[in-house]
Structure formats: structure tokens, C-alpha cells
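S.K.: Have a look at this one.
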Amino acid sequence: MDYRDWEILKILYSQKNITKAARLLFITQPALTNRLKHMQEELGVQIVTRESRGVHFTPQGEYLVHCADDILAQFNKIKEHVRNMSNDEENNVAGTLKLGVSNFFANYELPHILKLFKGKYPHVEFKVMTGWSKDVTQLIHNKDVHIGFVRGDYSGRGLKKHLLFEEAVSIASQKAIDLADLPNLPRIDYSGDYLLKLLIDNWWAKNYTQPPFISIEVDQVDTCKEMVKNGLGYGILSSRVLKDTEGLYKMDLTDSNGEPLLRRTWMYYHKESLEWNVARAFVNFIKTMGVEEHP
């Protein structure tokens, strides 16, 4: 069995369907079927059985899939080690870097970062997985990605992390408002990150005895911002969302000590990721942007 065979097993196991797996592998369905037949003949065992709803992996097939992760990881490590033996590191940084990125960071920050990095290291490719910060944190812990960008102070136990920036949490409205009137004013609420919601809810509980008047609920922060711009109510948003918004009344929230409520964005990675040229180059590149390392 070769490298491609282990890839086939891994993808087929995730899809449980010959047609879907073949599409992801960019091969024809007959070619995939023939490859499976060859593997089974080579090993002398049945790897999968065909069923009306797809394929079912035998116990031997399940074991081979479990081995596939280790074999593919070891192959990539060997390949990267060989590349690391070159003295010309800048021209030798190549490969695919897997990034886990929060939705907002992916939309507003990441494209510019990747453009600059690709300008310096043109042979690097990226696989980007986006989602809520709590889900990205899980991807990092599971080592499904090499590096993650997360908004909010999620647990980074066992991880290296770098603070990218801090942003204030602000009230935004079309017209000036008095904080004392806030419970009676219409609020545009949105489905955001869990820790941001917790931060806002705690601030509210410390300042008001009645719940907020939620007049409109949306599922995206950009939709909330547009609703606020059109005078439909106020919103509580991070200052980076409001960065290029003109003509709105904005007020930063503060805690009981008068300190601003801050939301932090972090870069997370495992220490062993730095053994890879491409990951090390990317982390060092981010550091040049003036980030602060934390233990």
C-alpha cells in the first residue's frame, strides 16, 4: 500500500460513500473501486462491504483507517524534515498549512494576512476551516489544524498562544442615548460568540435589574450593524466591527472600576507545530505584527 491508498481509506471512511469519496479524491468511481479491490487482494482481508446506503467498514477496515492517521502524519513529518535540511529556509518553506479561524477573523483580517504571507512564501498553500471561536478551539485541541485564530479568552491548556489585539465592546446607535434609558430602548441582538455574550450579559446584570428590550434578533453581526445604521435600535458590538462605520453614536462599556470591557483575539498552536518549516514561518510572520506571547 502506498500513500495514496491511506488517503483513500481515510476519506472513504469519513464519507461512507464511493461516489462522494471519489469526487473528493478527484478520481473516477471505477478507479476507486479497483484500488479498493487491489488493497484487499494485497492484504488478504475484506476492508469494506457494499450496502444500499453506502459502504460499511469491516473490523479489519476500521483498524486500517485508525492506522492511516498515524501513517499519513509520519509521512508528512518525514517530508517536512527533509525540507528542513535545506539551508535556504526562505525558499524552502512549502506545503499546506491548516488554519482554524473564527468567522469574523476569516472575513476581515485573514485575507490581508495571507496575501502578505504568500508574497513572501509563494509555495505555501492553505486549508482554512472557519466557525465559532469555541469550535475553532476544539479543532486546535484535536490537532485538526496547525494554527488557530480565536476571538475570546478560551482555555488554551497545553497550547502556546499569542495575543494579536484587544478591542473594546461598545454600544452603537444612530443617535446619542443615555445609559439609564437602555432597558427601555429597542436592542438589535445577534447570535455571537458564547464568551462575548457572557461578557455582555454579566455587564448588563451588574448595571440593570430588568432584562433588555430585544426588538430584533439576527444571526450575523454585520446584519446587526446594518440594522443599527438604519435606526432600528442599538447594538452592543466590538469596536473592530465598528471600525469603518461613520455617523454612529458609540460608547465603550466599562466595568465597575471604570476599565473598558475588552475582547481579545489570540493565535493558538501546539509547540510541536514549530517543527514544521511552514508553521514556524507563519508563526514568526505573525509575531512581526507586534503580538505578545503568553505561556
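Each reported figure results from applying straightforward, stated rules to the coordinates on display, with no laboratory input. Predicted, not measured: the structure shown is a model, and the values here were computed from it. When we count neighbours, we look across all protein chains shown, and the Cβ atoms used for this are built from the backbone with ideal geometry, even at glycine.
S.K.: Taking the range 185-248, which GluC sites (Glu not before Pro) meet the DSSP loop condition and have no more than 16 other C-beta atoms within 10 Å?
M.R.: Values: sites: GLU217, GLU226, GLU246; in loops: GLU246.
Hits after loop and neighbour filter: GLU246.
S.K.: Continuing with this model, one more query. Considering only the chain, what is the antiparallel percent among its DSSP beta bridges, to the nearest 5?
M.R.: Numbers: 29 of 46 bridges.
Given both bridge residues lie in the chain, the antiparallel proportion sits at roughly 65 percent.
S.K.: Rank ALA176, ALA279, ALA94 by mean-square fluctuation in a GNM of the chain with C-alpha springs under 10 angstrom and give only the top-ranked residue.
M.R.: Its mean-square fluctuation being the largest, the pick is ALA176.
S.K.: Of all trypsin sites (Lys or Arg not before Pro) in the range 1-72, which ones are in loop regions per DSSP and have a Cβ with at most 14 other Cβ atoms within 10 Å?
M.R.: Filter output for the range 1-72: ARG53.
S.K.: Lys/Arg Cβ at +1, Asp/Glu Cβ at -1, dipole of the chain taken about the Cα centre: which of TYR63, ASN103, THR288 is farthest positive-ward?
M.R.: Value computed over the given set: TYR63.
S.K.: So between ALA94 and PHE26, what do we pick up on full extension, going 0.36 nm a residue minus the alpha carbon distance? Numbers along the way, then the final one.
M.R.: Values: separation 68, 0.36 × 68 = 24.48 nm, distance 2.23 nm.
Residue separation times 0.36 nm, minus the Cα-Cα distance, leaves 22.2 nm.
S.K.: Hey, can you grab everything whose amide H is under 5 Å from the amide H of LEU97? Only 5+ residues off in sequence or another chain; H modelled, so Pro and N-termini drop out.
M.R.: Residues meeting the amide H criterion: GLU125, PHE126, LYS127.
S.K.: Let me ask you something else. Rounded, prolate or oblate: which fits the chain, taking a ≥ b ≥ c as square roots of the Cα gyration tensor eigenvalues, rounded meaning a/c under 1.5, else prolate when a/b beats b/c?
M.R.: It comes out prolate by the Cα gyration axes.
S.K.: For the range 259-275, what does the Karplus curve 6.51 cos²θ - 1.76 cosθ + 1.60, with θ = phi - 60°, yield as ³J(HN,Hα) per residue in whole Hz, taken in order and with x for Gly and Pro?
M.R.: 7, x, 6, 10, 10, 9, 10, 10, 9, 10, 6, 7, 4, 5, 4, 6, 6
S.K.: While we're looking at this one, here's another question. For the range 167-263, what class follows from the C-alpha gyration tensor (a ≥ b ≥ c being the square roots of its eigenvalues): rounded when a/c is under 1.5, otherwise prolate if a/b is larger than b/c, else oblate?
M.R.: rounded
S.K.: Further question on the same structure: Given a cut-off of 27 Å, name the pairs among LYS120/LYS250; LYS20/LYS197; LYS115/LYS229; LYS10/LYS98; LYS143/LYS225 whose C-alpha atoms lie farther apart than that in the structure shown.
M.R.: LYS120/LYS250; LYS20/LYS197; LYS115/LYS229; LYS143/LYS225
S.K.: Here is a further query. Apply the a/c threshold of 1.5 to the C-alpha gyration tensor of the range 3-84 and tell me whether it is rounded, prolate or oblate.
M.R.: Because a/c hits 1.5 or more and a/b exceeds b/c, the range 3-84 counts as prolate.
S.K.: Follow-up question, since we're still on this one. For LEU185, what residues show an amide H to amide H distance below 5 Å, using hydrogens built from the backbone and excluding near sequence neighbours?
M.R.: Amide H neighbours of LEU185: PHE213.
S.K.: Enumerate the amide H contacts of PHE165 below 5 Å, restricted to partners 5 or more residues apart or on another chain; note that Pro and chain-start residues carry no placed amide H.
M.R.: THR265
S.K.: Follow-up. Through the Karplus equation 6.51 cos²θ - 1.76 cosθ + 1.60, θ set to phi - 60°, convert the phi angles of the range 53-67 into ³J(HN,Hα) values in whole Hz; use x for Gly and Pro.
M.R.: My calculation for the range 53-67 gives 9, x, 10, 10, 7, 6, x, 5, x, 4, 5, 5, 5, 4, 5 Hz in order.
S.K.: Please list 3J(HN,Hα) in residue order for the range 135-140, calculated via the Karplus relation 6.51 cos²θ - 1.76 cosθ + 1.60 where θ = phi - 60°; whole Hz, with x for glycine and proline.
M.R.: 6, 5, 4, 5, 4, 5
S.K.: With the dipole of the chain worked out from charges on the C-beta (+1 for Lys and Arg, -1 for Asp and Glu) around the Cα centre, which of LEU43, GLY152, ALA205 lies farthest toward the positive end?
M.R.: Value computed over the given set: LEU43.
S.K.: Taking the chain as a Gaussian network, where each spring joins two C-alpha atoms under 10 Å apart, which residue of ASP244, ASP144, ASP252 fluctuates the most?
M.R.: Highest fluctuation of the listed residues: ASP244.
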